Amino acid sequence: MPTDNAAAWDKYSAAYQAAARLSTDVAHYGPDIATESELRLLGHLRGKRVLELGCGGAQCSIAFAKQGAHAIGVDASGKQLGFARRLCEREDVKVELHHGDLADLAFLRADSIDLVFSAEAFGFVDDLNRVFRHVHRVLRRGAPFVFSLPHPAWHLVDTHDEAGPLLVRRSYFDRSAIDHEIDGIAFTDHHHTVGDIFAGLTRTNFRVDTVLEPEPLTDGPRSPLWHDAFRLLPRTLVVRARKEGT
């Protein structure tokens, strides 16, 4: 039976935030890859209503607020949102935070959001098409939907044995849940192929204009999630789509 990822994040939040130490000055897309300052997918945010799904500690939302956006963050973990509130106070920044499922956007009016952003959260979501439908409803026509998630190729290999060879352990077409542990805490990942993601966006009336598979950074400190396999396989998939229709 799949793990309750929200409960898992409640248990893991303190250790994760202590180790990750994410910047509140720029949006991040994933471990050990370029940030928004290099990728430049979001555009100017001053005066815009920006929704972050799976905001966690709200570091990206705080960065958006610092750029003059009305930032709104949603997360399923109460502990993560507790950290986010404390961080907003420390940074003296206002972010509107909501506790709930990433597709539970009933608190937002249709066509009221200028940008939807999500970093590394969708890998924990089983029904990604449901999220796409609700994002489409709240976005203004032509507005961008920018997100990253674990690259589907990353799910294929066994990365637990650092010293051994990198072995393919799973079919790319196997969409069953992936149960794993981080520091003894059980999580469930959900495998979405590139084709699944593209088809889901297209059916929901989004037009994809950017797909990135960022290479790892070659200098600077490594994140706690660094693995040498990052040099061989894309760790993160980044997508930008725009709402079409109504």
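The values are calculated or read from the model by the stated rules, or taken from the named source; none is laboratory data. Given the structure is predicted, the values throughout are model-derived calculations rather than measurements. Positions of Cβ are backbone-derived with ideal geometry, glycine not excepted, and every protein chain shown enters the neighbour counts. Please note that ligands, DNA and RNA were not included when accessible areas were found on the heavy atoms of the full protein model with its side chains. Shrake-Rupley method; radii C 1.70, N 1.55, O 1.52, S 1.80 Å.
Considering the conditions (1) surrounded by 24 or more Cβ atoms within 10 Å (Cβ to Cβ); (2) part of a loop (DSSP other than H, G, I, E, B), A34 is excluded by exactly one of them, (1). Of all residues in the stretch 105-158, those that are aromatic (F, W, Y) and farther than 30 Å from A229 by Cβ total 1.
Taking the stretch 95-109 as the search range and keeping residues that are within 13 Å of R49 (Cα to Cα) and among the charged types (D, E, K, R), which one is surrounded by the most Cβ atoms within 10 Å (Cβ to Cβ)? Filtering first and then ranking leaves E96.
Whether a residue is open to solvent by less than 70 Å² (accessible area, probe 1.4 Å) and farther than 19 Å from R203 by Cα was assessed, and V116 does not pass this test. Of the residues in the stretch 119-139, not one is touching a residue at least 24 places away in the same chain (Cβ under 8 Å), in contact with a Leu (Cβ under 8 Å, 6 or more places away or on another chain) and polar (S, T, N, Q). Would you pick out the residues in the stretch 219-246 that are open to solvent by less than 40 Å² (accessible area, probe 1.4 Å) and of a type in the set (A, V, I, L, M, F, W, C)? Scanning the stretch 219-246 gives A229, F230, L237, V238, V239, A241.
Name the single residue that is farthest from L237 (Cα to Cα) among those in the stretch 200-218 being among the β-branched types (V, I, T), surrounded by fewer than 18 Cβ atoms within 10 Å (Cβ to Cβ) and at pLDDT 95 or above. Walk me through it before giving the result.
The initial filter retains those residues of the stretch 200-218 that are among the β-branched types (V, I, T), namely 202, 204, 208, 210-211, 218.
Filter again for surrounded by fewer than 18 Cβ atoms within 10 Å (Cβ to Cβ), leaving 202, 208, 210-211, 218.
Checking the rest, the ones that are also at pLDDT 95 or above come to 202, 208, 210-211.
Details: T202: 17, V208: 13, T210: 11, V211: 7 Å.
The extreme case among them is T202.
Matching residues to (1) surrounded by fewer than 16 Cβ atoms within 10 Å (Cβ to Cβ); (2) modelled with pLDDT of 95 or more:
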{"site": "F124", "(1), (2)": "no, yes"}
{"site": "N129", "(1), (2)": "no, yes"}
{"site": "V135", "(1), (2)": "no, yes"}
{"site": "H155", "(1), (2)": "no, no"}
{"site": "E162", "(1), (2)": "yes, no"}
{"site": "I178", "(1), (2)": "no, no"}
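Does the stretch 60-69 contain at least one residue that is surrounded by fewer than 17 Cβ atoms within 10 Å (Cβ to Cβ) and in a strand (DSSP E or B)? Scanning the stretch 60-69 turns up no residue that is surrounded by fewer than 17 Cβ atoms within 10 Å (Cβ to Cβ) and in a strand (DSSP E or B).
For every residue, the table says whether it meets (1) of a type in the set (A, V, I, L, M); (2) open to solvent by 50 Å² or more (accessible area, probe 1.4 Å); (3) not in a helix (DSSP H, G or I).
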residue: L42; (1), (2), (3): yes, no, yes
residue: G47; (1), (2), (3): no, yes, yes
residue: E52; (1), (2), (3): no, no, yes
residue: C55; (1), (2), (3): no, no, yes
residue: K79; (1), (2), (3): no, yes, no
residue: R85; (1), (2), (3): no, yes, no
residue: D111; (1), (2), (3): no, yes, yes
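Of note, D92 does not satisfy the criterion of being closer than 18 Å to N5 by Cα and open to solvent by 40 Å² or more (accessible area, probe 1.4 Å).
Here is a yes/no grid of residues against (1) at pLDDT below 95; (2) not aliphatic (A, V, I, L, M):
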| position | (1), (2) |
| --- | --- |
| A20 | yes, no |
| C60 | no, yes |
| A63 | no, no |
| Q80 | no, yes |
| K94 | no, yes |
| D101 | no, yes |
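Looking only at the stretch 6-19, decide whether some residue is assigned to a loop (DSSP other than H, G, I, E, B) and over 22 Å from T210 (Cα atoms). No, that holds for no residue. Scanning the stretch 201-227 for residues that are among the β-branched types (V, I, T) and without any contact (Cβ under 8 Å) to a residue 40 or more places away in the chain yields T202, V208, V211, T218.
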